[in-house]
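J.: One structure follows; several queries about it will come next.
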Amino acid sequence: MEAPQYVAARVQGALAEDDRTHELGIRVDVRGDQLFLRGQVGCLERRALIADVAAEAAPGLTIHNELSVVDVREPEEEEKL
Amino acid sequence: MSLRIAAVGDVHLGVDVGGRYRSHLNGIEEKADVLLLAGDLTRHGTLEEGEVVVNEFRDLPIPVVAVLGNHDHHSDKPAEIAAMLRDAGIMVLHDDSVVVEVNGTRLGVVGGKGFGGGFAGKCASEFGEPEIKAFVNHTKRIADRWRVALKELDADKRVVLSHYSPVNDTLAGEPPEIYPFLGSYLLAEAIDAEGADLILHGHAHMGTEKGLTSAGIRVRNVALPVLGRAYGVYCLNGDEGC
Ligand SMILES: [Fe+2]
Ligand SMILES: [Fe+2]
């Protein structure tokens, strides 16, 4: 069986290099046959897309999509420097 | 006079989200006098995404100055994307400077993409294989060009705009193993030598907003996921009432 670290690294590489995602900041952890995705993305569509690309790169694993979608809040008061 | 600098990086616009960020820029002229964009404006650096960026940031009531990021280089079209932005009136820095007149204050902005290599004591050096030398040399050349641009800059206030980080303070939250890919102390060393009032960067999505150089220059990581708000606003003439 392939070591979980190598599977996680391959998924992380796929997320960075796949034309559909190009996401560099996603944390990927593999525990047994479970794969966990953590980090922040811009919208729901990308959240789903990242899970799709991860699933393709790690067939047979159960994907836990724990990515959160960051809401862009309105700007706050300025910081005085 | 007040000098309010709005800044954001890593908006990572794609063709599917055109117009979504623009709504946050309504009324920006009431909050800030200039907008600085710290790179990674696109996801893959394609011309189609460049067009989305142009439409998102064109014709704002305040001047806009940008640098590109590593994502904007991915499709080998950085010069084309920069030209599209310039055609739309957005100033793009490539290891050089621009002076913008704001409320009677001459604001000088120096910068470019920057690059990696790591931080003092834990960094790559120009030794060994040509690939490592080329990596380190790329950062050194950039730092040298910033040093010259700062030395020659004639302005009342000086801001450095980068994509990669010049310090590790603002990387806190990122895995330490990847720091060498997030920035280089050579950039901070060059800036500290010539002096600046503020340094803005992006790239480290999981980093921290606030940091300092060794010489005490304020550094702000304005990557959108770090800010969590549409843009940060930094007032440089704080004592004179912003
Ligand atoms: Fe980015
Ligand atoms: Fe980046």
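J.: What number of residues within the stretch B:116-152 are open to solvent by less than 20 Å² (accessible area, probe 1.4 Å), touching an Asp or Glu at 6+ places or on another chain (Cβ under 9 Å) and touching a residue at least 40 places away in the same chain (Cβ under 8 Å)? Even if it seems obvious, please write down each step before you answer.
T.: We begin by selecting, within the stretch B:116-152, every residue open to solvent by less than 20 Å² (accessible area, probe 1.4 Å); these are B:116-119, B:136, B:139, B:142-143, B:146, B:149-150.
Remaining after also requiring touching an Asp or Glu at 6+ places or on another chain (Cβ under 9 Å): B:136, B:142-143, B:146, B:149-150.
From the residues that got through so far, the ones that are touching a residue at least 40 places away in the same chain (Cβ under 8 Å) too are B:142-143, B:146, B:149-150.
Number of matching residues: 5.
J.: Name the pairs: first residue in the stretch A:34-48 and facing another protein chain (nearest Cβ under 8 Å), second residue open to solvent by 50 Å² or more (accessible area, probe 1.4 Å) and among the acidic types (Asp, Glu), Cβ to Cβ under 8 Å, at least 6 apart or on different chains?
T.: Going by the 8 Å Cβ cut-off, the qualifying pairs are A:GLU45/B:ASP16.
J.: Let me ask something else. If a residue must be open to solvent by 10 Å² or more (accessible area, probe 1.4 Å) and either among the hydrophobic types (A, V, I, L, M, F, W, C) or more than 15 Å from B:ASP197 (Cβ to Cβ) (or both), how many such residues does the stretch B:216-237 contain?
T.: Selection size over the stretch B:216-237: 7.
J.: Kindly evaluate B:VAL222 against the criterion of being in contact with a helix residue (DSSP H, G or I) (Cβ under 8 Å, 6 or more places away or on another chain) and either within 28 Å of A:GLU76 (Cα to Cα) or within 14 Å of chain A (Cβ to nearest Cβ) (or both). Quick ask: steps written out before the conclusion?
T.: Details: in contact with a helix residue (DSSP H, G or I) (Cβ under 8 Å, 6 or more places away or on another chain): no; either within 28 Å of A:GLU76 (Cα to Cα) or within 14 Å of chain A (Cβ to nearest Cβ) (or both): yes.
Against the criterion (in contact with a helix residue (DSSP H, G or I) (Cβ under 8 Å, 6 or more places away or on another chain) and either within 28 Å of A:GLU76 (Cα to Cα) or within 14 Å of chain A (Cβ to nearest Cβ) (or both)), B:VAL222 does not qualify.
J.: Condition (residue is without any contact (Cβ under 8 Å) to a residue 24 or more places away in the chain and within 15 Å of the chain's Cα centre (by Cα)) applied to the stretch B:57-78: is it met by at least one residue?
T.: No, the conditions are met nowhere in the stretch B:57-78.
J.: Can you go through B:LEU153, B:LEU182 and tell me which one is within 14 Å of chain A (Cβ to nearest Cβ), at pLDDT 95 or above and either away from ligand 1 (no atom under 16 Å from the Cβ) or closer than 29 Å to B:VAL11 by Cβ (or both)? It would help to see each step written out before you state the result.
T.: Details: B:LEU153 fails: within 14 Å of chain A (Cβ to nearest Cβ).
After applying the criteria, what remains is B:LEU182.
J.: Hey, another quick one. Within the stretch A:39-60, how many residues turn out to be closer than 24 Å to A:ALA3 by Cβ, at pLDDT below 95 and touching a strand residue (DSSP E or B) at 6+ places or on another chain (Cβ under 6 Å)?
T.: 1
J.: Hey, another quick one. Take residues that are within 16 Å of ligand 1 (Cβ to nearest atom), surrounded by 19 or more Cβ atoms within 10 Å (Cβ to Cβ) and more than 12 Å from chain A (Cβ to nearest Cβ) and tell me which of the strands (runs of 3 or more DSSP E) falling wholly in the stretch B:1-106 contain 3 or more.
T.: The strands (runs of 3 or more DSSP E) meeting that bar are B:34-38.
J.: Take B:GLY211 and decide whether it is free of Cβ contacts under 8 Å to residues at least 60 places away in the same chain, in a loop (DSSP other than H, G, I, E, B) and within 14 Å of chain A (Cβ to nearest Cβ). Spell out how you get there, then give the answer.
T.: Values: free of Cβ contacts under 8 Å to residues at least 60 places away in the same chain: yes; in a loop (DSSP other than H, G, I, E, B): no; within 14 Å of chain A (Cβ to nearest Cβ): yes.
For B:GLY211, the condition - free of Cβ contacts under 8 Å to residues at least 60 places away in the same chain, in a loop (DSSP other than H, G, I, E, B) and within 14 Å of chain A (Cβ to nearest Cβ) - is not met.
J.: Sticking with this one: Just need a number here: residues in the stretch B:189-208 that are open to solvent by 10 Å² or more (accessible area, probe 1.4 Å) and away from ligand 2 (no atom under 14 Å from the Cβ).
T.: Keep residues of the stretch B:189-208 that are open to solvent by 10 Å² or more (accessible area, probe 1.4 Å), which gives B:189, B:192-197, B:203, B:205-208.
Add one more test, that the residue is away from ligand 2 (no atom under 14 Å from the Cβ), and what stays is B:189, B:192-197, B:208.
Summing the residues that are open to solvent by 10 Å² or more (accessible area, probe 1.4 Å) and away from ligand 2 (no atom under 14 Å from the Cβ) in the stretch B:189-208 gives 8.
J.: Here's a follow-up. Please go through (1) touching a residue at least 12 places away in the same chain (Cβ under 8 Å); (2) over 14 Å from the mean Cα position of the chain (by Cα); (3) more than 16 Å from ligand 1 (Cβ to nearest atom); (4) not in a strand (DSSP E or B) for B:VAL167 and return the number of the only condition it doesn't satisfy.
T.: Here B:VAL167 clears every test but (2).
J.: Starting from the stretch A:66-77, take each residue that is more than 8 Å from chain B (Cβ to nearest Cβ) and list its partners that are assigned to a loop (DSSP other than H, G, I, E, B), counting only C-beta distances under 9 angstrom and pairs at least six apart or across chains.
T.: A:GLU66/A:GLY39; A:LEU67/A:ILE26; A:LEU67/A:GLY39; A:SER68/A:GLY39; A:VAL69/A:GLY42; A:VAL69/A:CYS43
J.: Restricting to the stretch B:172-203, name every residue that is touching a Ser or Thr at 6+ places or on another chain (Cβ under 6 Å) and not acidic (Asp, Glu). Quick ask: steps written out before the conclusion?
T.: Applying the first criterion (touching a Ser or Thr at 6+ places or on another chain (Cβ under 6 Å)) to the stretch B:172-203 yields B:172-173, B:182-184, B:186, B:188, B:192, B:201.
Within the stretch B:172-203, B:ALA172, B:GLY173, B:LEU182, B:GLY183, B:SER184, B:LEU186, B:ALA188, B:HIS201 meet the criteria.
The values are calculated or read from the model by the stated rules, or taken from the named source; none is laboratory data. What you see is a predicted model; the values in this text were computed from it and never measured. Here Cβ is always computed from backbone atoms with ideal geometry, including for glycine, and neighbour counts include all displayed protein chains. Calculation scope for accessible area: heavy atoms of the full protein, side chains included, ligands and nucleic acids excluded. Shrake-Rupley method; radii C 1.70, N 1.55, O 1.52, S 1.80 Å.
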